[in-house]
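The block underneath contains the structure these notes are about, expressed in structure tokens.
Readers should treat all values here as calculations from the given coordinates under stated rules, not as data from a laboratory. Model, not experiment: these values are computed from the prediction. Neighbour counts run over all protein chains shown; Cβ positions are idealised from the backbone, glycine included.
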Amino acid sequence: MRIVTENLSYVYSEKSKELAVQALNNISLTIEEGEFFGIIGQTGSGKSTFVQHLNGLIKVGKDKGSIVIGDFNLTDKKCDFKSLRAKVGMVFQYPEYQLFAETVKDDVAFGIKNFFPALSEKETEEMVKTAITLVGLDYEIVKDKSPFDLSGGQKRRVAIAGVIVTRPEILVLDEPVAGLDPQGKREFTELLKNLHKTTVKTIVIVSHDMNFVSENCTRVAVFSHGELYAEGSPKEIFSDFTRLKELGLDLPVTAYLTEKLSETGIKVESDITTDGFSDAFAAAYIENKEKRRREE
Amino acid sequence: MRDIAFGQYYPAKSFVHNMDPRVKILLSIAYIVAVFLVAPFHYLGFAACLLFVIIATLFSKVPFLRILKSIKAVLFFVILSAVLQIFFNTNGNLLWSWGIIKITDEGLFNAGFIVARITLIVMGASLLTFTTTPVELADGIESLMYPLKFIKFPVHDFALVMSIALRFIPTLIEETDRIIKAQKARGADFESGNIFRRAKALIPVLIPLLISSLRRADELADAMDARCYSGSDKRTRYKKMKITYRDVLGFLVVAGLITGVVFLNKFYILITVL
Ligand SMILES: Nc1ncnc2c1ncn2[C@@H]1O[C@H](COP(=O)(O)OP(=O)(O)OP(=O)(O)O)[C@@H](O)[C@H]1O
Ligand SMILES: [Mg+2]
């Protein structure tokens, strides 16, 4: 399913003059099926507001633009939001705070009970088992535990299992690695990559971690003060050093190194993933060395 | 949920904002007493109270519309009491009747009287909360309750509980909002079904909310411990409350209001004769 938003705007507390906040302003963005799409921007730039539109948690206002996702026209009053939410999964920041059931199994099954109440117990359990295994937990060990007895990282995995259990085609994540340690972050990244390969077609992720974005995303959108500031491949986005600095955004290490090296006259052309950069750098280094030897 | 006008602070620098919270609380109580002192059929007393609210609002720089809007929060209550009076008060002269419903002149008068009373009280009370931050309010109440210390009432702890509760209301609203959204994203439905279904649908919201509140309380207690908080009397204040000319002036005006209302009650007949 393809996501197309056109001229999307949103104002919080629109009725009140003093409290009104223009959170989104004329956002036109297309996300193709199969993308690993990153959204970056400083705090308050409207990222969360935007992604909450994608499964109808925030409704598109009148004359505030349009959103079409696959066959769903979210601007339409008659849009079936329940079916949409089964297709577009949403993982919030600190997703573990949404756990509530007595056992891990029941919590993960919550989505199935809501979206597909007609499924049998057996089918439900099968889906729950698949989801829990997918997030890297051992079903037999955790299924009857209380979700509140798990570690932080495990809780987060259970919460994510609770979202992917209904096999959404699009998974939207709003800063999902906040509060994880480096090891947890790495594992989480692997988990996302694995999901993208196996079950979820499209991933849309809001992230403050530029290294993560440059490493994994196929395309990136930069939000600034509710507007779409730029859009393109990580390489294109992160080549504009000074503009990003002005927005108060970091650069991935690879982009930073590329810039520093070019100042000393060494041109490294890469897609700024770690692998791409290392290869290009090695090549440039050897070439440079050779050039010097010839000159001697 | 964020749009509740009643009980919200309106930031501004004004005469009323700068008054001592203790004095403001006391004067608000005095004002409410004044409203209650107005005797039935002596509507000039209400006019005096209304005049007072308008003048106080002018001095507070709060838009008058805001004050009016705060009535919305109790509108249902106002209408209900008015309707009860109009339809079910059977004393006085009968004006109109239909079955068991009898409308009498006294019923109409009483309805007007109650509506005026509630509206005036809510306007005054909301002026207090518009011009006084929750923290100031809590400090003011603590200070006013000081005499209770002599009967061993834990005034300071009480005030602390109060200010923590006030502090966490917006946080709780935000948290509720977030959890509702997260469960909606998992297909939870809070809008359809009968009352039992809806109540049951709230469980996935209430449990995470309860848990995060407990966690918050724990964290807050730890943070206070880490900074060696102890609820002793020897704590000094960051903001000292001080009585200034503003408070004296406010006191005089409210004293004038009460005298005026009593005067109007007594001499109403005299005025109508003149
Ligand atoms: N519920 C709300 N009510 C009123 N204003 C809001 C609300 N939620 C967000 N805003 C405002 O809308 C703007 C955009 O907020 P949003 O949460 O979308 O930003 P963000 O890019 O996700 O920021 P962050 O990186 O901090 O999560 C901000 O100015 C914020 O203050
Ligand atoms: Mg956000």
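Stokes-Einstein at 25 °C, 0.890 mPa s, Kirkwood radius from Cα pairs: D for chain A in µm² s⁻¹?
It diffuses with D of about 117 µm²/s by this estimate.
Of the peptides B:117-123, A:266-272, how do they stack up when ordered by the mean number of other Cβ atoms within 10 Å, highest first?
Packing proxy ranking, top to bottom: B:117-123, A:266-272.
Rank these for me by crowding, B:I243, B:I258, going from fewest to most other beta carbons within 10 Å.
Ordered by Cβ neighbours within 10 Å, fewest first: B:I243, B:I258.
Going highest first, how would you order B:48-58, A:44-54 by mean Cβ packing within 10 Å?
A:44-54, B:48-58
For an R0 of 25 angstrom, estimate the FRET efficiency from the Cβ-Cβ distance between B:S14 and A:K17 and round to the nearest 0.05.
0.85
At 0.36 nm per residue, and after removing the present C-alpha to C-alpha distance, how many nm does the segment from B:L68 to B:A165 gain when stretched out fully?
32.2 nm
Residue separation times 0.36 nm, minus the C-alpha to C-alpha distance between A:E263 and A:T43: what's the value?
76.1 nm
Angle, helix A:253-263 long axis vs. longest principal axis of chain A, Cα atoms, 0 to 90°, nearest 10?
Helix A:253-263 and the main axis of chain A meet at about 20 degrees.
Quick check on the exposure proxy: order B:R167, B:R66 from fewest to most C-beta atoms within 10 angstrom.
B:R167, B:R66
To the nearest whole number, what is the average tally of beta carbon atoms from other chains within 10 Å of the beta carbons of peptide A:48-55?
Mean number of neighbouring Cβ atoms from other chains: 1.
For chain A, what does -39500 (n - 2.57) per DSSP helix run (n ≥ 4), summed and divided by total residues, give at 222 nm, in deg cm²/dmol to the nearest 500?
It lands at -12500 deg cm²/dmol.
Set the Förster radius R0 to 30 Å, insert the Cβ-Cβ distance between B:L108 and B:T259 as r into 1/(1 + (r/R0)^6), and round the FRET efficiency to 0.05.
Plugging the Cβ-Cβ distance into 1/(1 + (r/R0)^6) gives 0.50.
Can you sort B:Y10, A:Y10, B:Y245 from fewest to most other Cβ atoms within 10 Å of each residue's own Cβ?
In order of increasing Cβ crowding within 10 Å: B:Y245, B:Y10, A:Y10.
With all distinct Cα pairs included, what does the Kirkwood hydrodynamic radius of the protein assembly as shown come out to in Å, to one decimal, could you say?
Result for the protein assembly as shown, one decimal place: 29.0 Å.
Out of all DSSP beta bridges with both ends in the protein assembly as shown, state the antiparallel percent to the nearest 5.
55 percent
So between A:K145 and A:R167, what do we pick up on full extension, going 0.36 nm a residue minus the alpha carbon distance?
Separation in residues times 0.36 nm, less the Cα-Cα distance, equals 5.6 nm.
Averaged over B:184-194, how many beta carbons belonging to a partner chain fall within 10 Å of each residue's beta carbon?
6
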